[in-house]
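The structure under discussion appears below in the form of structure tokens.
The values are calculated or read from the model by the stated rules, or taken from the named source; none is laboratory data. Remember, predicted model here, so these are calculated numbers, not experimental data. Methodologically, a virtual Cβ is constructed for each residue, glycine included, from the backbone with ideal geometry; neighbour enumeration extends over all protein chains shown. Accessible surface areas use protein heavy atoms only, side chains included; no ligands, DNA or RNA. Shrake-Rupley method; radii C 1.70, N 1.55, O 1.52, S 1.80 Å.
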Amino acid sequence: MQAIIFANRHGHELAPLDKQYCPALLPMGNRALIEYTLEDVASAGIVEVKLIISSHAKALEQHLGDGSRWGVKIDYFLSREQEPVNCVMSRLKLDFDQSYLVVRGDILRSPCIKRFVDYSVNRPKHLVLPVLADCNPGMLLLPSACNHLYLLDWPLERDPNITNAMMEPLHGQCAMLDNFESYLNANLAIGDGCFDGLVPSGRPIPSGRSAKFFHLGAKAQTGKLDQQAAWGAIGEQTWIAPDVDMHDQLMIGDQCVIEKNCRLSNSVILTNSFVGEGLNVDNCIISKNLLINVGFNTAIEVEDPRLIASTQAQLQANVPWTSRLMALILLGLSVPLLVILWLWSLCNSSMAGSSRQALSITHQPITLWRVNLPQSCMGLALLPQLYQVCLGRLFLLGAQSPEVHSAVSISDAAPQYGVYGPLQLLGAELPEEEQALIEQEFLAKPKAAQWSHILKLCFVSLSTSVASTGSTTATQSNANKLTPNQQDIANEWGNGQ
């Protein structure tokens, strides 16, 4: 038996969310909607799938691949948006000597395909119409249903004039996802564990509500969830400030950043979304720069990246393989030196090193380690960060990577964050305007000039440190101030020299 899955809805009912996702790719429980249908088909023992696609066709193929992740083999067929099922089927040239399951893959249903198939194959001469939660769940078995394929056209309806069919009640729930309220409620139901047979990905973590859990994705960073009066799911590589106040049901996608002092309640925040500091998000859907108020059924595209924005880089920022190789060589050669530096710093302070959460060149959270060394030895202190260059997350030279919880303006320009740069080596508290000017002038220079300035700054800092060895009793209040020589270097960058 083969399965023919229709994923050709245009999804205009969810505009403007349809610009970012076709219905089949809508995140449900932090997974693409079509994945639930593929799993249900595979559980019925069906391994050959013909997938009918239209809008966002390339994104669908990239996401699903050949289907091996679900134990099926997918063949893709292109159609017009919401093209009638009969028209599409006429082009597939099917052999009706065998059975076919025809099913919609752009609605959400509890797992029920195996039961429907098992019931229908034992009645090959009868039309079997499934009923799920008093809805048409969008599936038929051929060849017995050849004359009723119109029942799978969108929007799905039930034909009261059919009287010669066998009705098969199925257990579970069904959601058409044809409006914002339906989409929000279905997502929250999955996070709450009350959508029969469906659970979000991630390990369960107790929340502050009795018998309620968060499903936490890999590498997600949050505050103490057991103190939050909320439950639901938090996706992979998502960062949530510890003081974010969460209430009731929540579904937060992968690779999101939620700033401090935010309040979240009964909302869905989709993959790659940034929520700015101090926002109150209640009964809303946020997707990148799109804010949808479900109660008022309104949607706006926010232009201020300090409020909500995409965390996904608009332009691909790729670290050249030459830089990766150089970083790998430097890191390998510096391993013995790093051991000595760690031990030396441990002898002179209570901690051998420190870390901070920052953003990579793709706006993803990363951990940056440094050795606790004097400011004059910052070039050596930053050596552990070469590991991030090897992974392609930072450049060797570039701007200072911002804190993951700071309000970052995500523009169309690819970020140029690096391990070494003027601000990384100066390590001083400068006004934001001066920092921006220094980095702007530095990034505008040719690579050779950048290396020259970095080496010059390291030499000047080290020389200053040696010259001022006798004045090690300086007060802590001057620890973050630039030395005169360092200030000269900063002025050179700021003046474009």
### Task
Within the stretch 33-59, find all residues whose amide N lies under 20 Å from a label point positioned 7 Å from the Cα of Met1 along Cα-to-beta-carbon.
35-52
### Message
Which one, Leu328, Met166, Pro415, projects farthest toward the positive side of the charge dipole computed for the chain from Cβ point charges (K/R +1, D/E -1)?
### Response
Leu328
### Message
Modelling each spin label as a point 7 Å along the Cα-to-Cβ direction, I'd like the Phe459/Asp304 distance in nm, to one decimal.
### Response
4.8 nm
### Query
Given the pairs Lys50/Lys114; Lys50/Lys288; Lys260/Lys288; Lys58/Lys93; Lys19/Lys73; Lys73/Lys219, which are separated by over 20 angstrom at their Cα positions?
Lys50/Lys288; Lys58/Lys93; Lys19/Lys73; Lys73/Lys219
### Message
With +1 assigned to the C-beta of every Lys and Arg and -1 to the C-beta of every Asp and Glu, and no other charges, what is the dipole magnitude of the chain about the Cα centre in debye, to the nearest 20?
### Response
1260 debye
### Task
Tabulate in residue order the Karplus-calculated ³J(HN,Hα) for the stretch 55-69, using 6.51 cos²θ - 1.76 cosθ + 1.60 with θ = phi - 60°, rounded to whole Hz; enter x for Gly and Pro.
5, 6, 4, 5, 5, 5, 5, 5, 6, 8, x, 8, x, 5, 4
#### Entry: Cβ-derived FRET efficiency at R0 60 Å, Ala448 paired with Ser201, nearest 0.05
0.80
### Task
Step through the residues of the stretch 244-253 one at a time and calculate ³J(HN,Hα) from phi using the Karplus curve (6.51 cos²θ - 1.76 cosθ + 1.60, θ = phi - 60°), rounding each to whole Hz and writing x for Gly and Pro.
5, 9, 10, 9, 6, 8, 9, 10, 10, x
### Message
Test of understanding: extend the Cα→C-beta vector of Asn86 to 7 Å, then name every residue of the stretch 1-36 with backbone N under 20 Å from that spot.
### Response
4-9
#### Entry: Under the Karplus curve 6.51 cos²θ - 1.76 cosθ + 1.60, θ = phi - 60°, whole-Hz ³J(HN,Hα) for the stretch 176-186, x wherever Gly or Pro sits
7, 6, 10, 7, 5, 5, 4, 5, 4, 5, 5
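To the nearest 500 deg cm²/dmol, what mean residue ellipticity at 222 nm is calculated for the chain from DSSP H runs of n ≥ 4 alone, each contributing -39,500 (n - 2.57), summed and divided by the residues?
Roughly -8500 deg cm²/dmol at 222 nm, from the helical runs in the chain.
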### Query
In terms of modelled amide H atoms, which long-range or inter-chain residues lie less than 5 Å from the amide H of Ala230?
Gly208, Arg209, Asp248
#### Entry: DSSP bridge pairs, the chain: antiparallel proportion in percent, nearest 5
40 percent
### Task
Run the quick spin-label model on Cys347 and Asp66: label points 7 Å from Cα toward the beta carbon, then report their separation in nm to one decimal.
5.8 nm
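Please list, by residue number, every one of the chymotrypsin sites (Phe, Trp or Tyr not before Pro) in the stretch 242-349 that is coil in DSSP and has at most 16 other beta-carbon atoms within 10 Å.
In loop regions of the stretch 242-349 (DSSP not H, G, I, E or B), the sparsely surrounded chymotrypsin sites (Phe, Trp or Tyr not before Pro) are Phe296.
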### Query
Accessible area per residue of the chain at 1.4 Å probe, in Å²?
47 Å²
#### Entry: Ranking by accessible area, most exposed first, for Val102, Val302 with a 1.4 Å probe
Val302, Val102
### Task
Would you work out what percent of the accessible area of the chain, with all protein chains in place, is carbon or sulfur (probe 1.4 Å)?
54 percent
